[in-house]
Amino acid sequence: MNNFPTYNASIIVTTNLEVELGKILSRYPEDKLFLVTEETCNRLCVPLIASTPGFSKFKKVVIPSGESNKKLASVEKIWLFLSQNGADRKSLVVNLGGGMLTDLGSFAASTIKRGMDFVNIPTTLLAQVDASVGGKTGFNFNGLKNEIGVINQPISVIIDTRFLHSIDQPNFISGYAEMIKHGLINSVDHLQEVQNFDPKNPNFETLIGIIARSVAIKDEFVFQDPNERNVRKALNFGHTIGHAFESYAMEIDQPILHGYAVAYGMLAELYLSHKVCNLPLEVVNELSTWLLALYGKYTIEESRYEALFQLMTHDKKNEGSRINFTLIPAAGEMAINQNCDKKLVFEALEYFRNLNR
Ligand SMILES: NC(=O)c1ccc[n+]([C@@H]2O[C@H](COP(=O)([O-])OP(=O)(O)OC[C@H]3O[C@@H](n4cnc5c(N)ncnc54)[C@H](O)[C@@H]3O)[C@@H](O)[C@H]2O)c1
Ligand SMILES: [Zn+2]
């Protein structure tokens, strides 16, 4: 079998990427094909798609790798490249890279000339199960993660695990956190298969099916609520506190990987889930032990709670001064719009700090 079942046909999980991409390229004029990638992927991933029919027609722009380049200057570089090379509304932009690149490239394609078609080809586990799907695009601004952006869906996302062989272990384990999240909010079966998979010694044959099921969970939430008015908020589990950790880490120049921030955020939000939604303490403890063993310790000082809380108030999903969380009443179930006050958020941070001592 070359393709794996997904929730919607535009997300293609395949072992035959060249064929799938080739079919899409053939629908566009030869002089309107644009490839956007970053330095590491230009070296490691572009050669893996070079035999795609139509590949030689691509005009290519390469931006520097890494989260610190998810900034306006990189978007400008892509806009300039597209503008100077005759891109128009009949063009196709193919974004090849991790979540940093797919967020940026999708934003650039969505905004130039009021938007052109784009395809994401995610090359990290995190981007395959999460970032490349769902249409959230954008870049970091004013010290805040994803501060500027639009929601706009790719015409297709093509997922092939071949790219993952060159991923380093921290980045692999980072992506694994989003699969854990999908299991926790939606499916005990998925959680079980994720727990049975060893991210430190990955079996790529098993992985492709797990990715297909994980991305299908995300995609179903997106499909039901593309603009995140209600059920899509489920996907924010671990992210409200996780984003605060991530932004803070960026602020003090000691960045942490997105999935690690999410794992730390899930630890603190498991505590909130216990307090607000009665998630049983045994479940909190069991999951905490597992997550800590995988993601290691992350130390935060008590003196940082206020700054972290302030970062949470910037989160786009809040209502008033209380912070809006997605929590889990049980493993495999979610509850959106759980507002927590500052005192409770500080308690959750304290719980997290004590776990990490
Ligand atoms: N849009 C969304 O819904 C959404 C969801 C989750 C995360 N994100 C965003 O995604 C970003 C994180 O994504 P990421 O973890 O993929 O980061 P990333 O794109 O920075 O990639 C991580 C590292 O892996 C390298 N890399 C990429 N592909 C590789 C490959 N095949 N082999 C070896 N190295 C490779 C990159 O150069 C980089 O150094 C963050 O900016 C986050 O905000 C977006
Ligand atoms: Zn995430």
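The values are calculated or read from the model by the stated rules, or taken from the named source; none is laboratory data. None of the values given here were measured: they were computed from a predicted structure. Here the Cβ positions follow ideal geometry from the backbone for every residue, glycine too, while neighbour counts run over all protein chains shown.
Could you please give the count of residues in the range 134-148 that are under 24 Å from Ile208 (Cβ atoms) and more than 7 Å from ligand 1 (Cβ to nearest atom)?
Count: 1.
Restricting the range 57-82 to residues that are of a type in the set (D, E, K, R) and within 19 Å of the chain's Cα centre (by Cα), which is surrounded by the most Cβ atoms within 10 Å (Cβ to Cβ)? Full working, then the answer.
Filtering the range 57-82 for residues of a type in the set (D, E, K, R) gives 57, 59-60, 67, 70-71, 76-77.
Next, only the ones that are within 19 Å of the chain's Cα centre (by Cα) stay: 67, 70-71.
Values: Glu67: 18, Lys70: 22, Lys71: 15.
So the residue we want is Lys70.
Hey, could you check the range 196-217 for residues that are outside any helix (DSSP H, G or I) and buried (at least 18 other Cβ atoms within 10 Å of the Cβ) and say which is nearest to ligand 2 (Cβ to nearest atom)?
Narrowing the range 196-217 to residues outside any helix (DSSP H, G or I): 197-203.
Within this subset, residues satisfying the condition of being buried (at least 18 other Cβ atoms within 10 Å of the Cβ) are 199, 202.
On the way: Pro199: 16, Pro202: 20 Å.
Among them, the one singled out is Pro199.
Got a sec? Which of Pro53, Pro64 is assigned by TED's automatic domain parsing to the domain that holds Gly86 and either among the aromatic types (Phe, Trp, Tyr) or within 11 Å of ligand 1 (Cβ to nearest atom) (or both)? Full working, then the answer.
Values: Pro53 fails: either among the aromatic types (Phe, Trp, Tyr) or within 11 Å of ligand 1 (Cβ to nearest atom) (or both).
So the residue among Pro53, Pro64 that is assigned by TED's automatic domain parsing to the domain that holds Gly86 and either among the aromatic types (Phe, Trp, Tyr) or within 11 Å of ligand 1 (Cβ to nearest atom) (or both) is Pro64.
Can you tell which of Phe245, Phe325, Phe309, Phe237 is under 30 Å from Asn69 (Cβ atoms) and more than 16 Å from ligand 1 (Cβ to nearest atom)? Even if it seems obvious, please write down each step before you answer.
On the way: Phe245 fails: more than 16 Å from ligand 1 (Cβ to nearest atom); Phe325 fails: under 30 Å from Asn69 (Cβ atoms); Phe237 fails: more than 16 Å from ligand 1 (Cβ to nearest atom).
None of the others qualify; the one that does is Phe309.
If you take the residues in the range 249-283 that are assigned to a loop (DSSP other than H, G, I, E, B) and in contact with a helix residue (DSSP H, G or I) (Cβ under 8 Å, 6 or more places away or on another chain), which one is nearest to Arg322 (Cα to Cα)? It would help to see each step written out before you state the result.
Quick first cut of the range 249-283, residues assigned to a loop (DSSP other than H, G, I, E, B) only: 252-257, 278-280.
After this cut, where a residue has to be in contact with a helix residue (DSSP H, G or I) (Cβ under 8 Å, 6 or more places away or on another chain) as well, the list is 255-257, 279-280.
Working: Pro255: 27, Ile256: 26, Leu257: 27, Leu279: 21, Pro280: 24 Å.
Looking at the filtered set, the residue picked out is Leu279.
Only one of Gly54, Gly99 is buried (at least 24 other Cβ atoms within 10 Å of the Cβ) and either of a type in the set (Val, Ile, Thr) or in contact (Cβ under 8 Å) with a residue 24 or more places away in the chain (or both); which? Let's see the steps before the verdict.
On the way: Gly54 fails: buried (at least 24 other Cβ atoms within 10 Å of the Cβ).
The conditions single out Gly99.
Here's a check for you: in the range 35-51, which residue that is farther than 13 Å from Asn69 by Cβ and in contact with a helix residue (DSSP H, G or I) (Cβ under 7 Å, 6 or more places away or on another chain) is nearest to ligand 2 (Cβ to nearest atom)?
Here the answer is Cys45.
It is to be established whether one or more residues within the range 271-278 are assigned by TED's automatic domain parsing to the domain that holds Ser247, exposed (fewer than 13 other Cβ atoms within 10 Å of the Cβ) and in contact (Cβ under 8 Å) with a residue 60 or more places away in the chain. Spell out the reasoning first.
Here is the first cut: in the range 271-278, the residues assigned by TED's automatic domain parsing to the domain that holds Ser247 are 271-278.
Imposing the further condition that a residue be exposed (fewer than 13 other Cβ atoms within 10 Å of the Cβ) reduces the set to 278.
Filter once more, so that each one left must be in contact (Cβ under 8 Å) with a residue 60 or more places away in the chain: none.
The answer is no, given that none of the residues of the range 271-278 is assigned by TED's automatic domain parsing to the domain that holds Ser247, exposed (fewer than 13 other Cβ atoms within 10 Å of the Cβ) and in contact (Cβ under 8 Å) with a residue 60 or more places away in the chain.
Residues to consider are Tyr351, Tyr305, Tyr298; find the one that is more than 13 Å from Asn236 (Cβ to Cβ), of a type outside the set (D, E, K, R) and in a loop (DSSP other than H, G, I, E, B).
On the way: Tyr351 fails: in a loop (DSSP other than H, G, I, E, B); Tyr305 fails: in a loop (DSSP other than H, G, I, E, B).
Only one candidate passes the filter, namely Tyr298.
Conditions: (1) within 20 Å of Ala131 (Cα to Cα); (2) among the aliphatic types (A, V, I, L, M); (3) away from ligand 1 (no atom under 15 Å from the Cβ). Val262 meets all but one. Number of the miss?
Here Val262 clears every test but (3).
Which residues, counting only those in the range 343-356, are farther than 17 Å from Cys277 by Cα and touching a residue at least 12 places away in the same chain (Cβ under 8 Å)?
We begin by selecting, within the range 343-356, every residue farther than 17 Å from Cys277 by Cα; these are 346, 349-350, 352-356.
Correct list: Phe346, Leu349, Glu350, Phe352, Arg353, Leu355, Asn356.
If only one of Glu246, Glu220, Glu286 is farther than 21 Å from Thr6 by Cβ, in a helix (DSSP H, G or I) and away from ligand 2 (no atom under 13 Å from the Cβ), which one is it? Quick ask: steps written out before the conclusion?
Working: Glu246 fails: away from ligand 2 (no atom under 13 Å from the Cβ); Glu220 fails: farther than 21 Å from Thr6 by Cβ.
Sole residue among the options that is farther than 21 Å from Thr6 by Cβ, in a helix (DSSP H, G or I) and away from ligand 2 (no atom under 13 Å from the Cβ): Glu286.
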